[in-house]
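Some notes on the structure that comes next.
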Amino acid sequence: MNQQKLSTAVAAIILGASASQALAAENETATLTDALTSGEVGVNLRYRVEHVEQDAIDDIAIASTLRTRLNWTSGRYRGFDVLLEMDNVSEIGNDNYNSTVNGNTEYPVVADPQGTEVNQAYVKYSGSNSKIIVGRQRINLDGQRFIGGVGWRQNEQTYDGLRYQFGGEGQLQLDYSYIYNVNRIFGEDSPQSDLDGDIQLLHASYPLAEKHQLSAFFYNLDLDNAASFAARTFGAAYRGDFALFAAELSYARQEDIGSNPSDFAADYYLAEISAPLGPVKGKLGYEVLGSDSGVGFSTPLATLHKFQGYTDQFLQTPADGIEDLYLGAKLELAGGDLGITYHSFTANEGSADYGTEWNISYGHKFNDTFSALVKYASYDAEDYSTDTDKLWLMLTAKF
């Protein structure tokens with residue numbers, strides 16, 4: 001049924017785009033053969049060691065993995081081009097970690113299972129002021145707080161469906177997606193591999209003035225195989241740069257839909273300010289994922305590793321919600337970027353003190369091909385989870 005809905009949506013959008021827009025001529029090839037033979041091949045290698053020490057588990061996890069990504073993008077013909085991308089994740093050395101599918105449950109979880117799969121495969125149509133993408137694709141919206149690709153993990157999260165984008169820089173932009181399947185980070189061998197259902201993502205943004213952006217969003221997740229995440233989320237966000245500081249404000253409301261067994265309506269708030277303090281860029285933020293009737297505001301399609309601490313203690317929002325007060329700083333150092341952030345976590349309902357966390361990272365880009373990253377996170381538990389320390393060493397090569 002989902003496939004039929006997708007076909008109808010594709011036809012409607014393509015007809016509308018064809019009637020209202022001329023094809024973009026930039027980078028066009030003369031023939032279909034030219035488009036296929038003038039394509040570009042890309043290779044991305046990412047090697048990472050992840051070390052996890054968790055109080056509740058005796059053994060220390062050490063995951064040594066290599067992600068190999070191969071992609072091919074065709075030339076453009078009559079506004080159309082094609083992308084194919086394959087990912088392989090391989091263990092290098094031992095498997096002393098719980099990948100969620102390898103059965104090594106005596107170790108802490110490092111969700112980077114081995115495997116090979118199609119990461120992206122789509123056809124794209126580019127008009128003069130719009131794009132249509134049909135197939136498996138990457139979708140990142142509004143900083144990835146609600147919709148993202150979880151690009152930190154070796155196996156990326158991608159989306160099967162249709163996406164329509166209208167508008168360009170400095171004007172109203174509309175972004176609509178109909179998704180019938182989400183390919184999650186756990187790999188094809190996991191029972192958690194997919195989220196199926198009727199998923200509709202609508203995002204709009206408008207420049208209020210130079211360096212001031214207002215966006216609104218409506219995300220409807222009518223999920224078939226994860227009923228507890230079936231919800232409708234709508235809200236708005238503002239981002240602006242002033243003379244001395246930058247600010248971000250966001251609000252969202254979430255309600256149960258479909259087969260969700262819970263009846264709830266929870267709120268989300270974010271207020272963040274950042275400013276340069278000499279060579280340091282400081283940041284102060286306060287984020288709230290609320291709770292109602294014992295159900296926390298959830299963001300199952302977000303790039304969760306970016307938020308609420310690198311140790312990933314809050315991938316699922318606690319039943320009493322969560323409040324995250326954080327203070328961070330960034331500094332250019334020795335040709336790279338040093339970042340430090342402190343988080344204080346408390347419950348949104350009740351008086352529970354969840355704990356605190358320190359995050360430290362240093363990334364260095366040597367040239368257009370090679371880069372490296374070192375990252376450390378330490379969570380000090382109080383009323384939630386257990387003390388956890390994580391260390392990452394990562395090398396990336398792009399060709």
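Among the listed pairs Lys211/Lys306; Lys124/Lys281; Lys124/Lys375, a Cα-Cα separation exceeding 30 Å is found for Lys124/Lys281; Lys124/Lys375. Shape call for the chain from the C-alpha gyration tensor, a ≥ b ≥ c root eigenvalues: rounded (a/c under 1.5), prolate (a/b greater than b/c) or oblate? Rounded, since a/c falls under 1.5.
Starting at the first residue of the stretch 190-205, write each ³J(HN,Hα) from the Karplus equation 6.51 cos²θ - 1.76 cosθ + 1.60 with θ = phi - 60°, in whole Hz, x for Gly and Pro. Whole-Hz 3J(HN,Hα) from phi for the stretch 190-205: 9, x, 9, 5, 10, 10, 9, x, 9, 10, 10, 10, 10, 9, 9, 9. Only aspartates and glutamates eight or more places from Lys330 in sequence, or on another chain, were considered; those with a Cα closer than 16 Å are Glu272. Helix 2-20 versus the longest principal axis of the chain: what is the Cα-based angle in degrees, 0 to 90, to the nearest 10? Helix 2-20 sits at roughly 60 degrees to that axis. Of the GluC sites (Glu not before Pro) in the stretch 180-268, which ones lie in a loop per DSSP and count no more than 15 other C-beta atoms within 10 Å? Counting only loop positions with at most 15 other Cβ atoms within 10 Å, the GluC sites (Glu not before Pro) in the stretch 180-268 are Glu188, Glu210.
Comparing Cα centroids, the stretch 235-289 and the stretch 101-152 end up 23 angstrom apart. Each Cα pair under 8 Å and six or more residues apart adds its sequence gap; the mean of these over the residue count of the stretch 174-279 is a relative contact order of 18 percent.
Remark: the stretch 31-36, residue by residue, has Karplus-estimated 3J(HN,Hα) of 9, 4, 4, 4, 4, 6 Hz, where x stands for each Gly or Pro and the curve is 6.51 cos²θ - 1.76 cosθ + 1.60 at θ = phi - 60°.
Can you tell me the relative contact order of the chain? Whole percent, Cα pairs under 8 Å, sequence separation 6 or more. After rounding, I find 11 percent.
In straight-distance terms, cross-link reach from Lys398 covers every one of the aspartates and glutamates whose alpha-carbon lies under 16 Å from its own, apart from those fewer than eight places away in the same chain; here that gives Glu40, Glu85, Asp87, Asp368.
Computed from the coordinates by the stated procedures, all read-outs in this text should not be read as laboratory data. This is a predicted model, so every value here is computed, not measured. Don't worry about glycine lacking a Cβ; one is built from the backbone with ideal geometry, like all the others, and counts go over all protein chains shown.
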